[in-house]
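K.L.:
Submitted below is the structure of interest, expressed as structure tokens.
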2 protein chains.
Amino acid sequence: MTSPAKFKKDKEIIAEYDTQVKEIRAQLTEQMKCLDQQCELRVQLLQDLQDFFRKKAEIEMDYSRNLEKLAERFLAKTCSTKDQQFKFISFSAFTVIMSPADVQAACDFPGLLSTPESFPLRKDQNVLSPVNCWNLLLNQVKRESRDHTTLSDIYLNNIIPRFVQVSEDSGRLFKKSKEVGQQLQDDLMKVLNELYSVMKTYHMYNADSISAQSKLKEAEKQEEKQIGKSVKQEDRQTPRSPDSTANVRIEEKHVRRSSVKKIEKMKEKRQAKYTENKLKAIKARNEYLLALEATNASVFKYYIHDLSDLIDCCDLGYHASLNRALRTFLSAELNLEQSKHEGLDAIENAVENLDATSDKQRLMEMYNNVFCPPMKFEFQPHMGDMASQLCAQQPVQSELLQRCQQLQSRLSTLKIENEEVKKTMEATLQTIQDIVTVEDFDVSDCFQYSNSMESVKSTVSETFMSKPSIAKRRANQQETEQFYFTVRECYGF
Amino acid sequence: MTSPAKFKKDKEIIAEYDTQVKEIRAQLTEQMKCLDQQCELRVQLLQDLQDFFRKKAEIEMDYSRNLEKLAERFLAKTCSTKDQQFKFISFSAFTVIMSPADVQAACDFPGLLSTPESFPLRKDQNVLSPVNCWNLLLNQVKRESRDHTTLSDIYLNNIIPRFVQVSEDSGRLFKKSKEVGQQLQDDLMKVLNELYSVMKTYHMYNADSISAQSKLKEAEKQEEKQIGKSVKQEDRQTPRSPDSTANVRIEEKHVRRSSVKKIEKMKEKRQAKYTENKLKAIKARNEYLLALEATNASVFKYYIHDLSDLIDCCDLGYHASLNRALRTFLSAELNLEQSKHEGLDAIENAVENLDATSDKQRLMEMYNNVFCPPMKFEFQPHMGDMASQLCAQQPVQSELLQRCQQLQSRLSTLKIENEEVKKTMEATLQTIQDIVTVEDFDVSDCFQYSNSMESVKSTVSETFMSKPSIAKRRANQQETEQFYFTVRECYGF
């Protein structure tokens, strides 16, 4: 009937459709697996973040405790040193301006340090500048210890609970989204199944229509054949004598007429059947075409809109909540950084105020009784000796004058010598100053890592002690220092 | 001779001088003690600084190791998760765009992280934004670990050696300065001893002078007495007869004359003695007065100049060297801070780029085969059915038209409903968005310590979970979320 090369067989069409639906079903399953996997990865990530911050909180707490121990150890020591210092002075021949109350205040220092706002300025002024640096260094360690405790606390009591919440929210949303997705997939499969069924109906009705059509065509052919037979017989009978076979012909004519009628009736019946089936087939095809449009629209909606919405639902608030949790972390870190920086600023300020002259002043004031010049030696007249002035009259006058001239000549020689020595000493001192104030303290290089961790250590170690220039500089410093002292000793201090 | 109330006795003067010198001597001893004590305190401070930085280097190294362990632990885990992810996908029905080479690259991540400069941007683009944040978080921990190792190294190999040097230099300078100081003190004591000796000489010579003077005066008195006696005897002899006692008178006269001569001779001798002693006394007093001036000048020079110079010598380079050591510390801390801040900036950038839409896009591209829409369902003509369009002629026309009208009416109803639902959903979504994007991440308060350490913990703990507002917000969030899903489900997704 139809060429197999031209039209697909029903079986082929069904098989193709089955393959297409199977692929979609597999895709839908993979989509669910993908959502599951994303959920799993998200939960895992949030769990990792919690574990990470829990562990980091421990590390920060450890660090904080170690820093506190370090600070306390030296603060206790500083206090006992001050105590000793006080005792040492009080047992000596002179009384000291540092009262026991001052010492007590100094020993209260660790307590005072924990509130840097109330850092006693009065203390600062009584303390030598290197000791001030040292106190601020310990203060900084205390501050960092406290800040890292705060950091640890924020990790545990703010950031981790946020991740717990995000995890809960994500799980709940994934579950709900999956339910919704399952429903959507079920709906889509229902549409695909409907398409299958209307396609089969179309196939069936179309087959019926084709079959009715072919039956109709057969009837039409039979009719044509019957009509053709009658005409031939009449043609054949025409040359014969009309009387000899008249009765036979009438009978034959009668049979033929009833046969044609039968065929006509059958044709009518088949025509009606074909018309009916043809209409059914058209309706079925229309249903199939409509279902096809609807299915393609559903598939498009599912793939283009629903899947995207589904992922949106899974993500609902996830990025925003994660953002807030991580911003909390950033806020904590930046506050820690700021606090640390304030402390470093205070130390830098103290380092800038390292000053030998004011320390000398402070020391001499602190030990005023040790350093204050004694009373002038006064002339003690013997037995009411009334003359308290140098007697420069004869006969001692000439001798005194001679002595004065000798002294003046010696003095002018000394002055010239002194100028020379002073210049040498000043130059020597400047050399020492230059050596000890060379700006060799920038360690930025150490924080520029070139390739790997391995190279870091060697770079840092080289920076200070092992450089030949340092050894040379130190030798130079000591030599110059030695020269300086020799000059001072030679020419009187 | 002299009133004891008016003039100090020699003994008193000597005692006073002794007291004054004793006090100076004690002060000199105290000064040396004070220098010793300053040296001791300085050495102690430098020792403390060394111990402090040695201990802090340990703490920093500990911290660094803990951070590295933390990073490695999660980086290893991240790698194995990625591996799993790859396996999961490759065993599924669809092939995946992630090649084994990509997975290998992902597993090389820990190595890549140690050189953030070469942080692979290509990877970044393939990674979901929360995972990118997570990677940078681990990256930051690695960076901090490395920086704290560097810090520890700088403490040990740069800062501590500096303090060792400063300590050596201080010790040497104190020793030399003390030697010089001892010499200066010896010189000063020599001057004081000289003053004592010239004062005693003055006393002696003045006493001699006074004694000579009194002896002279005695002689003068004797002479006067002798002269007075002669005059009286002559007066007494005048009323008597001249002859009876003439011999006796001549003899007496002779005796008196020799006696007067004797007295005159003695007086002359005493006069010479006195003049000699007087000159000696004047010279001695002059020497004493000159020594007094010299002593006072020496004492002044020692107390005002030498002591100050001595302290300067002790301090030579001390403040400058300490300055450099502490600046090295500051440089290290500031570089660490900068490095940390750079890392935090990178994290902040990643947090800003937390984006659901681009992540969805990325996910769908990553799993392209799972999410790409299938081929359109095409019309499959049955047995060469030529009509592939909807047949809308009679007799199906009227039926189709009626159906179309019904659908249009249903559609317009749905459209109105849809608008309503859409508005409700958008409002609900906005409510959720408002809840999840509330800016509650600033923890500056936690770093503002009011009084003591005790109050810190409670403040921090309160900030997030225990606030009633948080619980209320969360309840609200879940309620809104539930409503959102209900609406979506009721009206088709």
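K.L.:
Any idea which of (1) more than 7 Å from chain B (Cβ to nearest Cβ); (2) within 41 Å of the chain's Cα centre (by Cα) is the one A:LEU307 doesn't satisfy?
P.N.:
(1)
K.L.:
Looking only at residues in segment B:349-386 that are free of Cβ contacts under 8 Å to residues at least 60 places away in the same chain and aliphatic (A, V, I, L, M), which one is nearest to A:ALA207 (Cα to Cα)? Step through it out loud before you land on a result.
P.N.:
Here is the first cut: in segment B:349-386, the residues free of Cβ contacts under 8 Å to residues at least 60 places away in the same chain are B:349, B:352, B:356-357, B:360-361, B:364, B:371-386.
Among the residues that remain, those that are also aliphatic (A, V, I, L, M) are: B:356, B:364, B:375, B:383, B:386.
Details: B:ALA356: 53, B:MET364: 43, B:MET375: 27, B:MET383: 8, B:MET386: 14 Å.
Applying the filter and picking the extreme gives B:MET383.
K.L.:
Of the residues A:SER197, A:SER167, only one is away from chain B (no Cβ under 11 Å), surrounded by 15 or more Cβ atoms within 10 Å (Cβ to Cβ) and not aromatic (Phe, Trp, Tyr); which?
P.N.:
Details: A:SER197 fails: surrounded by 15 or more Cβ atoms within 10 Å (Cβ to Cβ).
One residue alone meets the criteria, A:SER167.
K.L.:
Within segment A:351-398, which residues are under 60 Å from the mean Cα position of the chain (by Cα) and not aliphatic (A, V, I, L, M)? I'd like the intermediate steps shown before the answer.
P.N.:
Kept after step one, since they are under 60 Å from the mean Cα position of the chain (by Cα), are these residues of segment A:351-398: A:351-368.
Correct list: A:GLU352, A:ASN353, A:ASP355, A:THR357, A:SER358, A:ASP359, A:LYS360, A:GLN361, A:ARG362, A:GLU365, A:TYR367, A:ASN368.
Okay, residues lined up against (1) basic (Lys, Arg); (2) surrounded by 15 or more Cβ atoms within 10 Å (Cβ to Cβ); (3) over 30 Å from B:GLN20 (Cβ atoms):
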residue: B:ASN247; (1), (2), (3): no, no, yes
residue: B:GLU251; (1), (2), (3): no, no, yes
residue: B:ARG256; (1), (2), (3): yes, yes, yes
residue: B:VAL260; (1), (2), (3): no, yes, yes
residue: B:LYS265; (1), (2), (3): yes, no, yes
residue: B:GLU276; (1), (2), (3): no, no, yes
residue: B:ARG285; (1), (2), (3): yes, yes, no
residue: B:ALA297; (1), (2), (3): no, no, no
residue: B:ASP306; (1), (2), (3): no, yes, no
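K.L.:
Could you tell me how many of the residues in segment A:22-45 are among the aliphatic types (A, V, I, L, M) and more than 9 Å from chain B (Cβ to nearest Cβ)? Spell out the reasoning first.
P.N.:
First pass over segment A:22-45, keeping only residues among the aliphatic types (A, V, I, L, M): A:24, A:26, A:28, A:32, A:35, A:41, A:43, A:45.
Then drop every residue that is not more than 9 Å from chain B (Cβ to nearest Cβ), which leaves A:28, A:32, A:35, A:43.
Residues meeting the conditions: 4.
K.L.:
Kindly list the number of the only condition in (1) in contact with a helix residue (DSSP H, G or I) (Cβ under 9 Å, 6 or more places away or on another chain); (2) at pLDDT below 95 that fails for B:GLU293.
P.N.:
Single failed check for B:GLU293: (1).
K.L.:
What number of residues within segment B:404-419 are surrounded by 11 or more Cβ atoms within 10 Å (Cβ to Cβ) and among the charged types (D, E, K, R)?
P.N.:
Matching residues across segment B:404-419 total 1.
K.L.:
Got a sec? Which of A:LEU70, A:LEU49 is crowded, with 17+ Cβ neighbours inside 10 Å, within 20 Å of A:SER145 (Cβ to Cβ), within 9 Å of chain B (Cβ to nearest Cβ) and in contact (Cβ under 8 Å) with a residue 12 or more places away in the chain? Quick ask: steps written out before the conclusion?
P.N.:
Values: A:LEU49 fails: within 20 Å of A:SER145 (Cβ to Cβ).
Matching residue, one of A:LEU70, A:LEU49: A:LEU70.
K.L.:
Quick one: in segment B:352-374, which of the residues that are in a loop (DSSP other than H, G, I, E, B) and at the interface with another protein chain (Cβ under 7 Å from one of its Cβ atoms) is farthest from A:LYS22 (Cα to Cα)?
P.N.:
Initially, segment B:352-374 is screened for residues in a loop (DSSP other than H, G, I, E, B), giving B:353-355, B:367, B:372-374.
Subsequent filtering for residues that are at the interface with another protein chain (Cβ under 7 Å from one of its Cβ atoms) retains B:354-355, B:367, B:373-374.
Working: B:LEU354: 37, B:ASP355: 34, B:TYR367: 19, B:PRO373: 14, B:PRO374: 11 Å.
Across segment B:352-374, the extreme among qualifying residues is B:LEU354.
K.L.:
Same structure again: Which of the residues that make up segment A:376-399 are aliphatic (A, V, I, L, M) and either in a helix (DSSP H, G or I) or facing chain B (nearest Cβ under 7 Å) (or both)?
P.N.:
A:MET383, A:ALA387, A:LEU390, A:VAL396
K.L.:
Looking at A:GLN183 and the list (1) out of contact with any helix residue (DSSP H, G or I) (no Cβ under 7 Å at 6 or more places or on another chain); (2) more than 9 Å from chain B (Cβ to nearest Cβ); (3) over 30 Å from A:ASP10 (Cα atoms), which single condition is not satisfied?
P.N.:
Among (1) out of contact with any helix residue (DSSP H, G or I) (no Cβ under 7 Å at 6 or more places or on another chain); (2) more than 9 Å from chain B (Cβ to nearest Cβ); (3) over 30 Å from A:ASP10 (Cα atoms), A:GLN183 violates only (2).
K.L.:
Ok, one more. If you scan segment A:426-450, which residues turn out to be part of a helix (DSSP H, G or I), modelled with pLDDT under 85 and among the hydrophobic types (A, V, I, L, M, F, W, C)?
P.N.:
Of everything in segment A:426-450, those that are part of a helix (DSSP H, G or I), modelled with pLDDT under 85 and among the hydrophobic types (A, V, I, L, M, F, W, C) turn out to be A:LEU429, A:ILE432, A:ILE435, A:VAL436, A:PHE447.
K.L.:
Related question: Just to be sure, is A:LEU322 at the interface with chain B (Cβ under 7 Å from one of its Cβ atoms), free of Cβ contacts under 8 Å to residues at least 12 places away in the same chain and either over 30 Å from B:MET204 (Cα atoms) or surrounded by fewer than 20 Cβ atoms within 10 Å (Cβ to Cβ) (or both)? Please lay out each step first, then the result.
P.N.:
On the way: at the interface with chain B (Cβ under 7 Å from one of its Cβ atoms): yes; free of Cβ contacts under 8 Å to residues at least 12 places away in the same chain: no; either over 30 Å from B:MET204 (Cα atoms) or surrounded by fewer than 20 Cβ atoms within 10 Å (Cβ to Cβ) (or both): yes.
No: the conditions fail for A:LEU322.
K.L.:
Name every residue in segment B:140-162 that is under 12 Å from B:GLN50 (Cβ atoms) and more than 8 Å from every other protein chain (Cβ to nearest Cβ), in order of residue number.
P.N.:
Restricting attention to segment B:140-162, the residues satisfying the condition of being under 12 Å from B:GLN50 (Cβ atoms) are B:155-156, B:159-162.
Hits for segment B:140-162 are B:TYR155, B:LEU156, B:ILE159, B:ILE160.
K.L.:
Further, regarding this structure: Considering only segment B:365-376, I want to know if a residue exists there that is surrounded by fewer than 16 Cβ atoms within 10 Å (Cβ to Cβ) and farther than 30 Å from A:LEU195 by Cβ.
P.N.:
Narrowing segment B:365-376 to residues surrounded by fewer than 16 Cβ atoms within 10 Å (Cβ to Cβ): B:365, B:368-369, B:372-376.
From what is left, the residues that are farther than 30 Å from A:LEU195 by Cβ are none.
Checked against the condition, which is being surrounded by fewer than 16 Cβ atoms within 10 Å (Cβ to Cβ) and farther than 30 Å from A:LEU195 by Cβ, segment B:365-376 yields no hits at all.
K.L.:
Answer yes if at least one residue in segment A:274-292 is of a type in the set (Gly, Ala, Ser), over 30 Å from A:GLU220 (Cβ atoms) and assigned to a helix (DSSP H, G or I), and no otherwise. Walk me through how you get there before you give the answer.
P.N.:
Going residue by residue through segment A:274-292, those that are of a type in the set (Gly, Ala, Ser) are A:281, A:284, A:291.
Now narrow it down to the ones that are over 30 Å from A:GLU220 (Cβ atoms): A:291.
Then keep just the ones that are assigned to a helix (DSSP H, G or I); that gives A:291.
Yes, there is a match, as at least one residue in segment A:274-292 is of a type in the set (Gly, Ala, Ser), over 30 Å from A:GLU220 (Cβ atoms) and assigned to a helix (DSSP H, G or I).
The values are calculated or read from the model by the stated rules, or taken from the named source; none is laboratory data. These figures come from a predicted structure and were not determined experimentally. Every residue, glycine among them, receives a Cβ derived from its backbone with ideal geometry; neighbour counts consider all protein chains shown.
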